[in-house]
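Heads up: the structure comes next, in structure tokens.
Throughout, read-outs are computed from the coordinates displayed, never taken from laboratory work. Fair warning: this is a prediction, and the values are worked out from it, not measured in the lab.
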């Protein structure tokens, strides 16, 4: 279980690098920021919801693990490794499954799913010849999806939810920071 208790321990992007390296390093920073916001909390704190929202930090951990694996592992690579949560997700009849079920998962399990998804993403992206490579499973009826688009979408998804994570963490214990 990878946690980050000090924001200085996050992976920062180099100022110069190739496109793949830059995208992955910006994604790593976003991932690390989420880990930092959720590190050190118990199950009840990860399940905390700040009205009127139904979001929780645990739900965000699970959601982002599933979104990342869904786009990179399942859609782009065709499922090179079955995610450990896949059967639960396939049996769920709830489009908000990641958010509504996270309360039943331990902090260790939530972080483990995030670790798993991110490890597989790193391997798939490293093995990809270029960012123009197209997804095996075109998830969009508008046409094929490139790895570049998927990585940019993941950056967007993490960044969007990090604002939620900031607010939730501050409401839980007053912790603030970038």
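Each of (i) 10.5; (ii) 11.2; (iii) 12.7 is a candidate for mean projected area of the Cα convex hull in nm²; the one calculated from this structure is (i). Tell me the angle of helix 107-127 to the major Cα principal axis of the chain, expressed in degrees between 0 and 90 and rounded to the nearest ten. Taking Cα atoms only, the helix is inclined about 20 degrees.
All C-alpha pair distances within the stretch 6-83, sorted into 10 Å bins from zero, spread as 17, 34, 36, 13, 0 percent across the bins. Compared with the dominant Cα axis of the chain, that is its longest principal axis, helix 57-68 is turned about 10°. Considering only alpha-carbon pairs that sit under 8 angstrom and 6 or more positions apart, the relative contact order computed for the chain is 29 percent. To the nearest ten degrees, helix 147-173 and the longest principal axis of the Cα atoms of the chain are 0 degrees apart. Residue separation of residue 100 and residue 115 scaled by 0.36 nm, minus their Cα-Cα distance, works out to 3.3 nm of gained length. Of the Cα atoms belonging to the stretch 52-136, the radius of gyration and Dmax stand at 13.5, 45 Å.
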